[in-house]
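The values are calculated or read from the model by the stated rules, or taken from the named source; none is laboratory data. Everything numeric here is computed off the predicted structure, so don't read it as measured data. Reconstructed Cβ throughout: ideal geometry from the backbone, glycine too, with neighbour counts over all protein chains shown. With ligands, DNA and RNA removed, areas are computed over all heavy atoms of the protein, side chains included. Shrake-Rupley method; radii C 1.70, N 1.55, O 1.52, S 1.80 Å.
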Amino acid sequence: ITAGQSSTLTITTTTATPAGTTAFSVTGTGTSATHSTPISLTVNPIAANTPRLVQSTGATETAAATSLTATFPAATTAGDLLVVSASVYTGATNHISSVTDSAGNTWTRIGAYNVSGHNSDGEMWYSPNAASVTTITVKTASAASMAFAVQEFSGIATSGALDVSTGTSNTSNAAASGAVTPTVANALVLGFVAGHASAQAISVTAPGFTTLPQLTSTGSIASVITGYQILTTPSAQSFTGSFGSAMYWAAGIAVFKPGS
């Protein structure tokens, strides 16, 4: 860096970084002089009632089946929220019959979004205040092609966690869940777009969302992409996506309350 120029120093921390202040110095050495400046890095602890993504996983199928299982990278933490966003190549005729896990938690369907005559079914299920698990299994009564994503979030209310939700399904080259408005501050907003009969990439177009990787099955194709954000101030939210060619799709969005 020469005189008159500026630069940005980026420091990346992880959830394992201890809270506190660390002092260090940055030194720049030139051809005729050396300059140093002291810097303090302060790491603040995450508040217990601030929602945070802990980990994510998912699964896809190579052939139609009645169950599909995903394994977390590490055992989840007891008391966290687990959410499944699923894409099922069945339309309105063969919804997900149950979601189970390795700890026997109770799972509740948030919504199943489909249109009669279309081969799309997009669903969201959740288990709040869940016991620690390693695997999640999604089941249908009849064999179907599926893809699903599942996330673990901390900092969520252990009772009455679900705030508001909505979703819809159609065919076009753009998907939109419909709008919801959180009733509380610091809410977790989680959305998904599911695609069917096409392996094309889905781009999340909703602003402010952190997007997680798309999952796409083979055979009778079902795909799903998810995204989330933490809203410090309640405002209307919709989860949207676009893709190059028209296809059957489903989209949903759900809001969860922070812990107290």
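Would you check if there is a residue in the range 117-126 being over 20 Å from T171 (Cβ atoms), aromatic (F, W, Y) and touching a strand residue (DSSP E or B) at 6+ places or on another chain (Cβ under 6 Å)?
Yes, the range 117-126 contains at least one residue that is over 20 Å from T171 (Cβ atoms), aromatic (F, W, Y) and touching a strand residue (DSSP E or B) at 6+ places or on another chain (Cβ under 6 Å).
For every residue, the table says whether it meets (1) out of contact with any Lys or Arg (no Cβ under 8 Å at 6 or more places or on another chain); (2) surrounded by fewer than 24 Cβ atoms within 10 Å (Cβ to Cβ).
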site	(1), (2)
G91	yes, yes
G104	yes, yes
S120	yes, no
W125	no, yes
I136	yes, no
T158	yes, yes
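Results for (1) within 13 Å of the chain's Cα centre (by Cα); (2) within 16 Å of A149 (Cα to Cα); (3) among the hydroxyl-bearing types (S, T, Y), shown as yes or no for each residue.
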| residue | (1), (2), (3) |
| --- | --- |
| V180 | no, no, no |
| N186 | no, no, no |
| L212 | yes, yes, no |
| T216 | no, yes, yes |
| S223 | no, yes, yes |
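Looking at S203, S165, S235, S154, which one is open to solvent by 60 Å² or more (accessible area, probe 1.4 Å) and either farther than 16 Å from M247 by Cα or touching a residue at least 24 places away in the same chain (Cβ under 8 Å) (or both)?
S203
Would you point out which residue out of A147, A143, A130 is within 21 Å of P73 (Cβ to Cβ) and touching a residue at least 60 places away in the same chain (Cβ under 8 Å)?
That would be A147, the only listed residue that is within 21 Å of P73 (Cβ to Cβ) and touching a residue at least 60 places away in the same chain (Cβ under 8 Å).
Is it the case that S98 is among the hydroxyl-bearing types (S, T, Y) and either touching a Pro at 6+ places or on another chain (Cβ under 8 Å) or open to solvent by less than 20 Å² (accessible area, probe 1.4 Å) (or both)?
no
Considering only residues that are part of a strand (DSSP E or B) and at pLDDT below 95, look in the range 41-69 and name the one that is least open to solvent (accessible area, probe 1.4 Å).
Within the range 41-69, the match that is least open to solvent (accessible area, probe 1.4 Å) is V43.
Pick out the one residue from A254, A197, A187, A236 that is under 20 Å from T171 (Cα atoms) and in contact with a strand residue (DSSP E or B) (Cβ under 7 Å, 6 or more places away or on another chain).
Result: A197 is the single residue among A254, A197, A187, A236 that is under 20 Å from T171 (Cα atoms) and in contact with a strand residue (DSSP E or B) (Cβ under 7 Å, 6 or more places away or on another chain).
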